[in-house]
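See below for the structure under consideration.
The values are calculated or read from the model by the stated rules, or taken from the named source; none is laboratory data. Nothing here was measured: the structure is a model prediction, and the numbers come from that model. Here the Cβ positions follow ideal geometry from the backbone for every residue, glycine too, while neighbour counts run over all protein chains shown. To get the accessible areas, we keep the full protein, side chains included, count just its heavy atoms, and leave off ligands, DNA and RNA. Shrake-Rupley method; radii C 1.70, N 1.55, O 1.52, S 1.80 Å.
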Amino acid sequence: MTLFDNWLFLGLGAAVFFGIAAVLSKIAIGEKFLGMDPKVYALLSVIGTAIVLLGYYFTAPSIPSNPKIIGVGIATGILYGLGNLFVLFALEKKANIAQLA
């Protein structure tokens, strides 16, 4: 059994990565820091996500042919992307990162 078989380890890892990503988002968008346009930052985030997912794709099994599975996967990605955009817009409006999380 490896650490990657332990759901608690995976959940804590996800929380750490999401937390670091939120702080980096605040640094990128915040007026006190880099002051990036949220649209530009969102595009750069998508590129970074695509790099990770493409790397995972080449080590994962093939895409299923069931349209329901494909639809749910795409819908989940769209909703996740919309959630991230809302976070970026909230950070642009000077949201406190701790309260937002």
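Of all the numbered requirements in (1) modelled with pLDDT of 95 or more; (2) over 20 Å from Phe17 (Cβ atoms); (3) not small (Gly, Ala, Ser), Ile47 misses one, and that requirement is (2). Residues in the range 1-14: is at least one in contact (Cβ under 8 Å) with a residue 12 or more places away in the chain and open to solvent by less than 90 Å² (accessible area, probe 1.4 Å)? Checking the range 1-14: not a single residue is in contact (Cβ under 8 Å) with a residue 12 or more places away in the chain and open to solvent by less than 90 Å² (accessible area, probe 1.4 Å). Taken together, Ala22, Ala60 contain a single residue that is open to solvent by less than 50 Å² (accessible area, probe 1.4 Å) and part of a helix (DSSP H, G or I), which is Ala22. Any residue at all in the range 28-40 that's part of a helix (DSSP H, G or I), touching a residue at least 40 places away in the same chain (Cβ under 8 Å) and either over 12 Å from the mean Cα position of the chain (by Cα) or closer than 20 Å to Phe18 by Cβ (or both)? Checked against the condition, which is being part of a helix (DSSP H, G or I), touching a residue at least 40 places away in the same chain (Cβ under 8 Å) and either over 12 Å from the mean Cα position of the chain (by Cα) or closer than 20 Å to Phe18 by Cβ (or both), the range 28-40 yields at least one hit.
If you go through the range 26-43 and keep only what is open to solvent by less than 90 Å² (accessible area, probe 1.4 Å) and out of contact with any Ser or Thr (no Cβ under 8 Å at 6 or more places or on another chain), you end up with Lys26, Ile27, Ala28, Ile29, Gly30, Gly35, Met36, Asp37, Pro38, Val40, Ala42.
Put simply, of Gly73, Gly35, Gly77 the only residue that is of a type outside the set (Val, Ile, Thr) and touching a Pro at 6+ places or on another chain (Cβ under 9 Å) is Gly73.
If you go through the range 63-101 and keep only what is of a type in the set (Lys, Arg) and outside any helix (DSSP H, G or I), you end up with Lys93, Lys94.
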